[in-house]
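The values are calculated or read from the model by the stated rules, or taken from the named source; none is laboratory data. Everything numeric here is computed off the predicted structure, so don't read it as measured data. Ideal geometry is used to build each Cβ from the backbone, glycine not excepted, and the neighbour counts take in all protein chains shown. Accessible surface areas use protein heavy atoms only, side chains included; no ligands, DNA or RNA. Shrake-Rupley method; radii C 1.70, N 1.55, O 1.52, S 1.80 Å.
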Amino acid sequence: MSPMPAPLPEPEPGWFGPAGRPSLGWVHRPPAAAADGPAAATGVLLCGPVGPEAMGVHRTLRVLAEGLARAGLPAIRFDYDGTGDAAGDELDPDRLEAWLRTVRDAMAAGAVRLGVSRWILLGVRLGAALAARVAAGRDDVDALVAVAPVLSGRAFVRELRAFSMAAAPVSEPDPRGLHEVGGCAFDEAAWQALAAIDVGAFEGRLPPRVLVLEARRTAGLDAWAARLAEGGARLEVQGFEGADAMMRDPHEVEVPHPMLATVVRWTAEVAAASRGAATSDSPSRRVCGVAQDGPDAARIVGPDGVVHVERVLRLGRERALVGVLAEPAEGRAAVRRAGVVILNAGAAHRVGPSRLSVMLARRLAALGHPVLRLDLPGLGDSPARPGDPDGVVYAPDALESVAVAVDWMRAWPQADGCRLVGLCSGAYHAFKAAVAGLPVQGIVAINPLTFFWHGDAADGPEAEHRMIADAVRLKTAAAKPGAWRRVVRGEVAVADIASIVARRAAGSLAKAQRALARRIGRPIGDDLEAELSAVARRGVPMHFVFAAHEPGPALLEFGGGATARRLAARGALTLQELPDSDHTFTRRAARERLLPVVAARLGTPCAACAAAGAPCAPGGTCGAGTAAPREPALETGR
């Protein structure tokens, strides 16, 4: 019987980089038994993608870091400047240089934290180009692993452009002329810098060993192979399956375990071979930055010069819940403001889709709120509960974790109670927390897709939210010019229309039956009206925010009926729609419209109105300089 493998140490978070503008990294150490093994003097730096591919790859990189640590290889994963949990913004200048600087800073900080003197750099997609550029000319990099690499910037930009053209058009193009792809925005300078990348032309000493793992033929590989051969480097090229699956939307991600096993074996071999070349030299602690707060907390200077503090937290009895707290710097908050917990949106980790949660948390922190962006179990960096898989979005025990976060926030000195904010599944969990009676002072539910979840069996074509979504889509399509001419010409499947109408009629009948059962006092299941009433009786404000054409308002009316309308008339429930937005607020302008709306719903005026001593305009968008969104009445047949 083989012995049980030694448990892995808890991943260690750490801030590094320039003071005021740090990045967040995670150190994965080998078990104690392997700490002095043949690979211990070599660290592996994981350089992830940039842009729309980054969110999906987060889980794969975490699993890879754990696999490397089990093999005795200390590993670091991190966020580039202006991405993920790092300071900065995607529209800041000199993006490419800032990302390269982050890689170098991560190596300097890792050398101090881990005591390693040799490196293997592993890059995924654009991260492979960044790793190759940093490795060129350094004598402490023994190898480079390039996974589905971007070697030609021109080819990469063509891919991004094709991806963006497939997205739905917006009625109001962004006047800044941004290149927007899958929830990431690039200004013209960054776009041109990406297009100019040519890994085959990088100058400087090359790593002696290079492994390329490609899912399909890689543009620019021949030129790079020639450059590597000239420099005497040993190049190995292998194919692998699963590249597309590891970069899908987070809830659809499939980790390519065979490819990760190949990487672990190959890097362990390289690390063992380079053991004799290791030295004790390492950079001084000064270069890794953020010394004033230590590795677990950092001061971040916002674009307006406002400073706030962010720290990584582990909550719960077993420290299993991971979150990042953003709060005003000490002495800045004149009064305590409502603490806020932002829940995961789908399977996206705590930064949120298109980095929405980070943008929201930092805006609220600048207004005086302490804000925790939380990873629920099995999402982001919070491990799944024993026996549970990763990536479960509507976990039946999620409420227990939400309760832990609420209790923690209510006890935090700078917090005046706690409010919950969530998008999609996060909105569902926020609402259910209020229904369950958790001590929250309000919820902001953004684009919930359902109010009752019974597992996959209930998420089929007959589920209420599917029926409502189809009906809303049909109504929207019918309003477009020429819609009925397309039906007459046979360009639209009449059977599909009939099916939607029939399901909508059946839903209306079921709704009438539930209303009758309620009047005669007969118990009914999935009673949204009863849940809304219960939350309102506790005095918990409910704020619902929807992107235009979302099925949520109609679903709220369908299930909430007269109760929802009565609560809306009393102000206990608000409903607000934002134009030119999709479900996850993919466009930069849509996210910018959403932020002040959420702040206003939390009772905090925007910075401009606060300075003037005036309340915000309706919708809370006055500080953003945009028109106030529509606040529609709940109405039947939306």
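Scanning the stretch 201-220 for residues that are more than 23 Å from VAL264 (Cα to Cα) and either buried (at least 17 other Cβ atoms within 10 Å of the Cβ) or of a type in the set (Val, Ile, Thr) (or both) turns up PHE202, ALA219, GLY220. Would you check if VAL63 is open to solvent by 20 Å² or more (accessible area, probe 1.4 Å) and modelled with pLDDT of 95 or more? The answer is yes for VAL63. With the requirement that a residue be surrounded by fewer than 18 Cβ atoms within 10 Å (Cβ to Cβ) and either free of Cβ contacts under 8 Å to residues at least 24 places away in the same chain or closer than 30 Å to ALA261 by Cα (or both), what does the stretch 180-200 give you? Correct list: GLU188, GLN192, ASP198, GLY200. From the list ARG248, ARG311, the one residue that fits, being under 21 Å from the mean Cα position of the chain (by Cα), assigned to a loop (DSSP other than H, G, I, E, B) and modelled with pLDDT of 80 or more, is ARG248. Between ALA167, ALA131, ALA155, the distinction of being surrounded by 22 or more Cβ atoms within 10 Å (Cβ to Cβ) and of a type outside the set (Phe, Trp, Tyr) belongs to ALA131 only. Summed over the stretch 64-73, the residues that are in contact with a His (Cβ under 8 Å, 6 or more places away or on another chain) and not small (Gly, Ala, Ser) give a count of 2. Within the stretch 183-240, if we keep just the residues that are touching a strand residue (DSSP E or B) at 6+ places or on another chain (Cβ under 7 Å) and charged (D, E, K, R), the residue that is nearest to PRO52 (Cα to Cα) turns out to be GLU214. For the stretch 267-308, the set of residues classified as outside any loop (DSSP other than H, G, I, E, B), at pLDDT 70 or above and open to solvent by 80 Å² or more (accessible area, probe 1.4 Å) consists of GLU269, ALA273, ARG275, ARG299, listed by residue number.
Of the residues making up the stretch 314-353, those that are open to solvent by 40 Å² or more (accessible area, probe 1.4 Å), in a loop (DSSP other than H, G, I, E, B) and within 19 Å of ARG59 (Cα to Cα) number 0. Taking LEU160, is it at pLDDT below 95, over 26 Å from GLY17 (Cβ atoms) and open to solvent by less than 20 Å² (accessible area, probe 1.4 Å)? Yes; evaluated as a whole, the condition is true for this residue. Of all residues in the stretch 179-212, those being among the aliphatic types (A, V, I, L, M) and either part of a loop (DSSP other than H, G, I, E, B) or under 26 Å from the mean Cα position of the chain (by Cα) (or both) number 10. Scanning the stretch 228-266 for residues that are farther than 29 Å from PHE202 by Cα and either of a type in the set (D, E, K, R) or open to solvent by 60 Å² or more (accessible area, probe 1.4 Å) (or both) returns ARG248, ASP249, HIS251, GLU252, GLU254, HIS257, PRO258. Here are some residues: ARG336, ARG350, ARG317, ARG332. Which one is closer than 23 Å to ASP397 by Cβ, modelled with pLDDT under 95 and charged (D, E, K, R)? Checking each option against the conditions leaves just ARG317.
Does GLY232 satisfy the condition of being touching a residue at least 24 places away in the same chain (Cβ under 8 Å) and at positive phi? Yes, satisfied. Put simply, of ASP470, ASP496, ASP456 the only residue that is among the acidic types (Asp, Glu) and either modelled with pLDDT of 95 or more or open to solvent by less than 50 Å² (accessible area, probe 1.4 Å) (or both) is ASP470. Looking at the stretch 529-568, which of its residues are assigned to a helix (DSSP H, G or I), out of contact with any Leu (no Cβ under 7 Å at 6 or more places or on another chain) and among the hydrophobic types (A, V, I, L, M, F, W, C)? Hits for the stretch 529-568 are ALA530, ALA534, VAL535, ALA554, LEU555, PHE558, ALA562. Looking at the stretch 103-125, can you tell me whether even one residue there is within 23 Å of the chain's Cα centre (by Cα), crowded, with 24+ Cβ neighbours inside 10 Å and assigned to a helix (DSSP H, G or I)? Yes, because at least one residue in the stretch 103-125 is within 23 Å of the chain's Cα centre (by Cα), crowded, with 24+ Cβ neighbours inside 10 Å and assigned to a helix (DSSP H, G or I).
For the stretch 220-245, the tally of residues that are part of a helix (DSSP H, G or I) and within 22 Å of GLY56 (Cα to Cα) stands at 3. Of the numbered criteria (1) over 12 Å from GLY422 (Cα atoms); (2) of a type in the set (Lys, Arg); (3) not in a helix (DSSP H, G or I), the one ARG373 fails is (1).
Look at (1) open to solvent by 10 Å² or more (accessible area, probe 1.4 Å); (2) touching a Lys or Arg at 6+ places or on another chain (Cβ under 6 Å); (3) hydrophobic (A, V, I, L, M, F, W, C) and you find that ALA143 fails only one, number (1).
Can you tell me which residue within the stretch 366-396, out of those that are open to solvent by less than 20 Å² (accessible area, probe 1.4 Å) and more than 22 Å from THR584 (Cβ to Cβ), is modelled with the lowest pLDDT? Looking at the filtered set, the residue picked out is GLY368. Among residues that are more than 30 Å from ALA271 (Cα to Cα), open to solvent by 40 Å² or more (accessible area, probe 1.4 Å) and of a type outside the set (Asp, Glu), ARG138 is not included.
If you filter the stretch 569-597 down to residues that are closer than 25 Å to HIS251 by Cα and in a helix (DSSP H, G or I), you find that the one that is most open to solvent (accessible area, probe 1.4 Å) is GLU592. Is it fair to say VAL145 is assigned to a loop (DSSP other than H, G, I, E, B) and touching a strand residue (DSSP E or B) at 6+ places or on another chain (Cβ under 7 Å)? Taking the combined requirement at face value, the residue does not satisfy it.
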